[in-house]
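A quick write-up on the structure given underneath.
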C-alpha cells in the first residue's frame, strides 16, 4: 500500500505520454462517432492538443526548446484550421439547414 | 460505452506505468512547487472534460466541457515547464477558438435529433477495436524498458520554458516558420471570409435561418490571428 | 595526302536556301525566292569550282583529296562504330560535284521562267534546293552512311517533286511509286552496308581498299564477302538508277514538272548509282568477275529493253524517260566492264544533252500549253528556232555522231565492252568457262543495237515535233511561241556543252594525231580519273580494230537517223503507219511496255493490298481496337464496380479506415518478426535436440531468444537462431520459446513438444 502511494508520487515523462494517448483516443472516438460536424471539429482540436502534450513532454525530457516552439506553431495552425472548418460548416448549413455529417455523402461513387 | 472502456484501459496502463516505475532514474521532479498530486488531479480533470465533450448532447455543454479540458491541458503544460505555452493555450484555444465555436453554434441554432452517427455495427466494432489496439500498443511501446530517450536531467535549467528562450528561438532559428505561419494565418482569414460570405443573388425571399454575418467570423478570426501573433 | 577545305559550304548553302524558301517563301514573293534559290546553288557551284581548282593545283599526290566534316565530332557512336559525318573531294567525285552544281544552276534559272505562273512557287524552289543539297551530300560523302543520307534525301526530294502537283491523283501516285520502288533498292543497299561493316569493321571509302583480304574470304554460299556487298549495293543502284527490274518508276515520274525531270531524272539523281559503283569499285573488281558481269549484264539488257520501248512512245517526256533508262544502262556497262572513266565520262556528257533534251521538251510543252503528245505536234521548228536548233544538237549528241560529245563517250563504253575480259572461279563448270569468252561480245552487240534504236527514236521525236505540218488544234497553233530568255539561255549553254564536252575524253588513238599540248587536253578526262579509279586494263587490241569499231558505231547511228528521217521527216509518213499495221503484235508488246507494270501489279501490289485489308479489318479493328476499347474497360469496370462501394461518401467512415490501417501496420510491423522468430523446427538426435528458429527469415542479432528446455523455468538466453541442448534424461519435454524484438520490445512465444530417447 505504501508502495502504491510511493509510486504515485513520482511523475515521469511516461505519465504524460500515456495521458496524451488517452486524450488522442478520446478525440478520435469523437470524430468517429458523433454526427454533428461541430463536435467533430472540437474532437479534432482535442487530438491536436493531445499531440501537443506529447510533444512538450518529450521536449521537457530532452531539455530542448524546439519542442515548445513547434507546439506553438501547432497551436497557430490549429487556430487557422478551426476558422476554416467553421466557415465551411456555416456554408454547408446554409444549404442544408442542419449539420449532420451523415448527410454529407456527395463524395461517393 | 466506449468511453468507459478506454478510460478503464488507460487507468490500467497508468497502473502498469506505476509498477514499472521501480527505477526512479527518469524522474521528473517538477520545480518544487507543484507536487505530484497536481498532476493526477489535472489529468483526471482533462480526461473527464474530454469525455464529456464527446458524449454530451447539448452543443453548448460540449463547448463548455471543451473549455474545461483546455484549462486542464494548459495547467499540464505549466507542469511541463512550458509556461509561455500554457498562457497561449488559454488565450488562443479557450479564448478565441472556443468563442468562435460559440458564435457558430449561435448561428446554427439547431437541436440534435440523434447525436450518434448512423453506422453499421461492423464498422463501429472495427473502428473501436483498432483504436483500442493502437492505444494499448502505443502505451506498451512507450513503457518498454528502453534507456536513454526518457532520461531527464532532473531539474530543468532556469532558462528552459521561459518566454525569453522561446522568443530567442523564434527570432533566430525558427524565423522562417514564424513568418510562414503569419502568411498561413492571413490565408486562413481570407479563406474563411470567402467561404462564409453570402452569395450575391438570393433564390427566394425567405432564406430560412440564414442570417450569416461574415463579419462575426472575421472578428473571431482576427482575434485568433492576433492572439497567436501575440508573440510577434 | 589530304587537305582541309570548307566543303561543307557546298552542302549547307543549298539547304539553307531550301529552309528559307520553304519557311518564308510564301511571304517573300517570287523574285526573292528565285534570288535565294539560284543564289544558293550559284554560290555552291562557285565554292565547288574553287575546291576542284584547289584539288588540281595544290601539291597533292594523284590520289590525294580534300576533306572536311559536316558536323564537328562524331556523328554515329554505336558500340564499336565511330563514324564522323565526313566529306571528301577527290578526282572521282569532283567530276560529279561540278556537274551537279552547274547543271542544277542552269535548271534553276530555267525553272524561274518555266514555273512563273505556278502558285506554289516557293515550295517548288525549296524542294529543288533541298534536292540539290541532298545530292551533294551523296556525292561528297566520305563513307557509305553519309552517302546513304544523301541517297535517302534525294529519294525524298524526288518524291516531293514528282508529286508536286499532288492535287491530282496521278501525280501523287507517281511520287509514291518512285519512293516505294526506291525503297526496295535502299533495302539492298543497307544490307550491303551492314555486311560490309560486319566483315571489315569500317565504312569509309578510303579504307575499303586496305581490307581486300577479308573481303576475299568466303562469306555465304562460298562466295566472297566482297561479292555479296557489291551485289547488294548494286540492288540499291538498280533502284536509284532505274535499271531492270526497278526501273518502273522513272517513266511515271514524268508526271512531275519538267525542270524536275531534267534535273533529277536525267542529270543527277539517277546517276548516283553509277557513282556508287565507281566509288566502291574495289568490291566489284574482285575476281571472279561475277559482280562485274552482273552489273554489265543488267546494264546491257536494260539499255536494249528500254530503247525498244522508246521507239513507239507518243508522249514527249516518256520517250526521253526511256532514253534515260537506256543510257543509264550504257553507263552501267561502262563501270561493269571496268572502264570506270568511260562510264563517268558518259555520265557527264549525258548530263549535258539529256538535261538539254528535257529542258527543250519543257520549252515545247510550254508553247503547246502543256500538251505532251507528239502526234499532236509538228512543224514547231519555224515557231521556236532556238529550241529547235539546240534540240537538233542534243539529238546529234545522243545519237553519237562525231564530233559531238555523245560520240566520244559512247564509243569509250563500246570499246571498253568489246575489250573487256572476265574470268571465272576455278571451280566453275566447263561450259560456263567457254561461254565466258563470248560475254564481252554479247554485251557489245546489245549495246550496238541499243545505240541504233536510240538514234532512231530520238530522231523520230525530232522530226515529228519540229518538222512537217502542225497536227494539233487551231488554238494551240495560235499559242505557239518561242520561250523567254530564262529558258532559252540554259538551252544554249547546254548545247555548247554537248558540243564541246566530248573533247576532253578523246581516245588515245585520236589524240595521238595532235601535238603534245593539245593531246594533253584531249585526254584530260581519262588522265584525271585514273588515279581515283584504276581501270581494269583491257586487253589492248590493234588500232585497226578500234577504228573499225568506231566506224561501225557511227554507221549504225547514221542508219538509225536515216530510217527515222525516211519515216517521219515532214510528218508521219504512210510507210510508218503501214509498218505499224504489219508488225501489230510487236507494236502492241512495245506499246504496253512488255506489260511489266501489269506483272508487278499482279504479283506484288495486289497481294499486298489484300494482306493490308486483312490486317486492317481483322487484326487492327477487331483485335486491337476491340481488345483495347472493349476488353480493357470491361475488366477495369468490373473491378471498379466492386471496389467503389467502399466509398459511400461518409468521411468519418474513411477516417475509421485510416485508423484501422494504422493499427494494422503497427500490428504487422511489430508482431510479425517475433512471431516468425518463434517458428521453427526441432531435430532430435539421441539426446541432443537442435532447435532452428526463425525459418530463415530472421536476421542475426535482431531477436533475443529465451528458451526453456526442460519446462522447469530455467531460461536460457541467446541471440542465435540455432540452439541445441543435451538432455540428461529421456522423456517428453515441452520446449518453450520466447522471442523478443530488441528494437521494439515485443515478445512472442511458442512451444515445441519433443520426445527424447
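Side notes on the structure shown:
- Those residues of region C:371-381 which are surrounded by fewer than 22 Cβ atoms within 10 Å (Cβ to Cβ) and in a helix (DSSP H, G or I), in sequence order: C:375, C:376, C:381
- The sole residue among C:602, C:628 that is more than 23 Å from residue C:326 (Cα to Cα) and loosely packed, with under 11 Cβ neighbours inside 10 Å is C:628.
- Residues within region C:50-93 that are surrounded by 17 or more Cβ atoms within 10 Å (Cβ to Cβ), in a helix (DSSP H, G or I) and over 21 Å from the mean Cα position of the chain (by Cα), tallied: 4
- Cβ-Cβ under 8 Å pairs, at least 6 apart or on other chains, region B:163-179 side at the interface with chain A (Cβ under 7 Å from one of its Cβ atoms), far side modelled with pLDDT under 90 and surrounded by 13 or more Cβ atoms within 10 Å (Cβ to Cβ): B:165/A:65; B:166/A:65; B:166/B:231; B:169/A:65; B:169/A:66; B:170/B:231; B:174/A:66
- Test for residue C:104: is it over 17 Å from residue C:149 (Cα atoms) and buried (at least 21 other Cβ atoms within 10 Å of the Cβ): yes
- Meets criteria (outside any loop (DSSP other than H, G, I, E, B), at pLDDT below 90, more than 10 Å from chain A (Cβ to nearest Cβ) and in contact with a helix residue (DSSP H, G or I) (Cβ under 7 Å, 6 or more places away or on another chain)) for residue B:123: no
- Members of region C:652-662 found to be modelled with pLDDT under 85 and more than 7 Å from chain A (Cβ to nearest Cβ), listed by number: C:653, C:654
- Looking at B:91, B:76, just one residue is at the interface with chain A (Cβ under 9 Å from one of its Cβ atoms), modelled with pLDDT of 90 or more, under 15 Å from the mean Cα position of the chain (by Cα) and assigned to a helix (DSSP H, G or I), and that residue is B:76.
- Among the residues of region C:693-715, at least one is loosely packed, with under 11 Cβ neighbours inside 10 Å and in a helix (DSSP H, G or I).
- Here is the figure for region B:94-120: residues that are surrounded by fewer than 17 Cβ atoms within 10 Å (Cβ to Cβ) and at pLDDT below 80 total 8.
- Here residue B:188 does not qualify as at pLDDT 60 or above, part of a helix (DSSP H, G or I) and more than 7 Å from chain A (Cβ to nearest Cβ).
- Residues of region A:78-109 classified as in contact (Cβ under 8 Å) with a residue 24 or more places away in the chain and under 30 Å from residue B:168 (Cα atoms), total: 3
- Restricted to region C:525-545, and to residues there that are within 22 Å of residue C:401 (Cβ to Cβ) and under 38 Å from the mean Cα position of the chain (by Cα), the residue that is modelled with the lowest pLDDT is C:526.
- Scan of region A:56-100 for residues that are within 14 Å of chain C (Cβ to nearest Cβ) and under 20 Å from residue B:97 (Cβ atoms), ordered by number: A:85, A:88, A:89, A:92, A:99
- Subset of region C:131-158 [over 12 Å from the mean Cα position of the chain (by Cα) and either free of Cβ contacts under 8 Å to residues at least 24 places away in the same chain or within 17 Å of residue C:99 (Cα to Cα) (or both)]: C:131, C:132, C:133, C:136, C:137, C:139, C:140, C:141
- Taking region C:139-257 and the helices (runs of 4 or more DSSP H) fully enclosed by it, the elements with 2 or more residues that are surrounded by fewer than 22 Cβ atoms within 10 Å (Cβ to Cβ) and touching a strand residue (DSSP E or B) at 6+ places or on another chain (Cβ under 8 Å) are at C:144-162, C:169-200.
- Residue in region A:80-93 that is more than 21 Å from residue B:194 (Cβ to Cβ) and either buried (at least 18 other Cβ atoms within 10 Å of the Cβ) or modelled with pLDDT of 90 or more (or both) present: no
- Residues being touching a helix residue (DSSP H, G or I) at 6+ places or on another chain (Cβ under 7 Å), in a strand (DSSP E or B) and surrounded by fewer than 17 Cβ atoms within 10 Å (Cβ to Cβ) - total across region C:652-687: 0
- Helices (runs of 4 or more DSSP H) lying entirely in region C:283-370 (those with 3 or more residues that are under 21 Å from residue C:403 (Cα atoms), over 24 Å from the mean Cα position of the chain (by Cα) and in contact (Cβ under 8 Å) with a residue 40 or more places away in the chain): C:340-367
The values are calculated or read from the model by the stated rules, or taken from the named source; none is laboratory data. Just so it is clear, the model here is predicted, and its values are computed rather than measured. A quick note on method: Cβ atoms are made from the backbone with ideal geometry, for glycine too, and the neighbour counts reach across all protein chains shown.
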